[in-house]
């Protein structure tokens, strides 16, 4: 019987194989490639896979989602149902590790849904609530970090000899 980690690794490898096949057999702007990229991004998110991009290390799923969204925006338009779904998945993958980074795709998703549906549609309300929750979570994390840094500064200041006046 496979372990949970083995299942995640297997899923990530299978998704990467599908993307590889799509890149070899489909055009670079094919929506099927975008769909395969989204599947690989979700699998890479679950595995925590990291990669280097332009000299910085980041989660692998970030570049996969960005590539998929670029293809989808071209194929379906920037304000399409497909783009809204992908933005939601992207934000879901970002939220556990970086709620602050999840805000931008959630804001875009809300805008897309607002333009696709009536403002009082349940999907629009749900998207607005999720965005508000993530913004509140990010704000609390930022407040806690600011408080921690302030306490560290106070600690250092209390133990440092007075600086000469200039």
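Values in this text are rule-based calculations from the coordinates and carry no lab data. Only a predicted model underlies this, so the values are computations on that prediction, with no experimental measurement involved. Please note: Cβ atoms are built from the backbone with ideal geometry, for glycine as well, and neighbour counts cover all protein chains shown.
Observations on the structure shown:
- Nearest-0.05 FRET efficiency for residue 120 and residue 63, computed from C-beta distance (R0 45 Å): 0.80
- Cβ-derived FRET efficiency at R0 25 Å, residue 107 paired with residue 74, nearest 0.05: 0.75
- Spatial separation of Cα centroids for segment 82-123 and segment 14-77, in angstrom: 18
- The listed peptides 13-25, 53-65, ordered by packing as a protection proxy, come out as 53-65, 13-25 (highest mean of other Cβ atoms within 10 Å first).
- Here residue 129 and residue 85 are evaluated by their C-beta separation; at R0 = 22 Å the FRET efficiency comes out at 0.80.
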